[in-house]
Amino acid sequence: MVASHRSWSTILDRQFDVAAPDRVWVTDITYIRTQEGFAYLAVVIDLYSRRVIGWSMQSRQTTDVVLQALLMAVWRRKPKGKVLIHLRSGQPVHQHGLGCVASRAHNLEHSMSRRGNCHDNAVAESFFNLLKRERIRRRTYRTREDARQDVFDYIEMFYNPKRKHVRNGMLSPAEFERQQMMRREVSRNSGLFNLMDYPEHPDQWSAATRVILGLLRLQTEQPGRSTSRSSLPSFRWQLTSA
């Protein structure tokens, strides 16, 4: 039985700015032409960084293509808290099938766009537009496997690690997550220094990053040694003179 669009409420409601990873994922499907016929691509995107965390491509637009993308996302991210998954109304998702994924992961909550309202999936649509403009429209695929390999190259080798986003401060999804994770680690490391003393602009962050990594490494290698603020200037000199 296919889930009715009334079964799951529209919880997302176009709230695209998320404060932490693995809070809200969006998923959608598009098709790619090949000489063998259509290939159907499902993606799962984390709204926090716009990173594609799961994807699947199959020859038919079925429930399984979405479930496989969701399973990849759960396997990769292993979320510890509840995750809101937003689906576009009309996606071929069986309520029972998606419920099984949610029961296995224990922390997936569903949201679905109202029929005729696609704005909640604007982020997924934006990714598909980029994919087609920057890669697919420039190629002719002989087989579905050729298309799958090219999509893999675009997502895993270019989009996630290199494609810059204005929303991420002109950082790629992977780099944005890496820098934000580093900032959270520093903020949890009590008494080192106030992060507000260091530059926010990505172009200036690299120098501060070296200091942060050095201090964290010093605490790990010499846990009994004090790393108070007074020790920072001499330690910075050691880093820059190395």
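Things worth noting here:
- Between the amide H of M170 and those of H165, distances stay under 5 Å, these residues lying 5 or more places away or on another chain, with hydrogens modeled in the peptide plane.
- Annotation: amide H of E109 within the under-5 Å range of V83, L84, I85, sequence separation 5 or more or interchain, hydrogens built in the peptide plane.
- Derived value for the range 145-189: Kirkwood hydrodynamic radius 11.7 Å. Basis is the mean of 1/r over every pair of different alpha-carbon atoms.
- Pairs from the table (K80/K132; K132/K164; K78/K162; K132/K162) lying more than 27 angstrom apart at Cα are K80/K132.
FYI, it's all coordinate maths here, none of it is from the lab. None of these values were measured; they are calculated from a predicted model.
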